[in-house]
Amino acid sequence: MIGVVLTFDKHHAASLKSLSRQLPLTWLLNESGSNIIITSWFIAVCLIACLFFTHIVCCILTRIYRLFQNGFSLRQWLFFLMHIMFVLVMLSHGLSMIIGYKHSDIRMFPGESIRFDKNFILSLSEIEFVDDPAILKASFEDQRALMTRNTIHRDQNYADIDLSIDNRSVSSGRIYMLAPYRFGSIQITLTDFFIPENRPDNPIGVKLVITKNPTTLFFFVTYAVMIISLIGFVVTTWRDQTANNKYMKFI
């Protein structure tokens, strides 16, 4: 809530946007001194998350002690598993803030290449934009109004890319908006199409974001297990309550 309020100030909004474009650790090391208020807010959020994480861990340790004291049941095991998975989800969130990398607002045209992560080279071979290019020339506010399902065909606008290591192609594919391309723990996301103002030939380019998060698979697996354990806990709780109600009526 506080973060939303801070965005109403242009200086704070610019700092928050810069924070979202890179890893939080990178931002803290390089740009945190430029806005003390945003830095203080971010550190406070991290400290609250750490306190919450510590509280959950203490609850889990207490529950382990009670389980060994009082015995085990399916419902207790599911509740315990749900807490464990929640801790692992929080842990993966924390790790994603300090490991890997995030390169935002990369602007490319067909035929261009960029190097990242020392050995990787990303090449853009083709851009296909079937809709009216005039939309891309509009202002940011007007674009949001013009970009509807009838004017933008997301499944027909794309960019073809190629990934290589030391001039050896290792992967290639096609990326769409809202449909990123993945290679291992590397993800390439197409965020927007654009037309530069300073070029009379009006070429269409793309804006890309390259991220690497080794915890992505771990996060989705633990999150899925957490949801399954939550469903199982709800079902067993409902079943036990139903059985108790029937027993009380019988008595």
Going fewest to most other Cβ atoms within 10 Å around each Cβ, 41, 27, 77, 238 line up as 238, 77, 41, 27
Please list the three semi-axes, largest first and in whole Å, of the ellipsoid equivalent to segment 18-112, using sqrt of 5 times the eigenvalues of its alpha carbon gyration tensor.
39, 19, 8
Counting residues in segment 101-212 as N, plug N into 2.2 N^0.38 Å and put the Cα Rg over that result.
1.09
Too long at a 19 Å Cα-Cα cut-off: which of 10/212; 118/212; 137/207; 10/207; 102/207?
10/212; 10/207
Derived scalar couplings ³J(HN,Hα) [segment 227-239; Karplus, 6.51 cos²θ - 1.76 cosθ + 1.60; whole Hz; x for Gly, Pro]
5, 5, 5, 5, 4, x, 5, 5, 5, 5, 5, 5, 5
Evaluated over segment 185-240, the Cα radius of gyration and Dmax, each in Å:
22.0, 72
For the chain, with only Lys/Arg (+1) and Asp/Glu (-1) charged at the beta-carbon, what is the dipole magnitude about the Cα centre, in debye rounded to 20?
1320
Under a 10 Å cutoff between Cα atoms, tell me which one of 117, 162, 105 has the largest fluctuation in the Gaussian network model of the chain.
117
For residue 24, what is the net charge nearby, where nearby means another residue's Cβ is under 14 Å from its Cβ and Lys, Arg count +1, Asp, Glu -1?
+2
What fraction, in whole percent, of alpha-carbon pairs in the chain exceed 22 Å separation?
70
Using +1 at the Cβ of each Lys and Arg and -1 at the Cβ of each Asp and Glu in the chain, identify which of 53, 26, 185 lies farthest towards the dipole's positive end.
53
Hey, fewest Cβ within 10 Å first, where do 230, 29, 136, 74 land in order?
29, 74, 230, 136
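Computed from the coordinates by the stated procedures, all read-outs in this text should not be read as laboratory data. In this text the structure is predicted, and so the values were computed from the model without any measurement. Every residue, glycine as well, gets a Cβ built from its backbone with ideal geometry; the counts of neighbours run over all protein chains shown.
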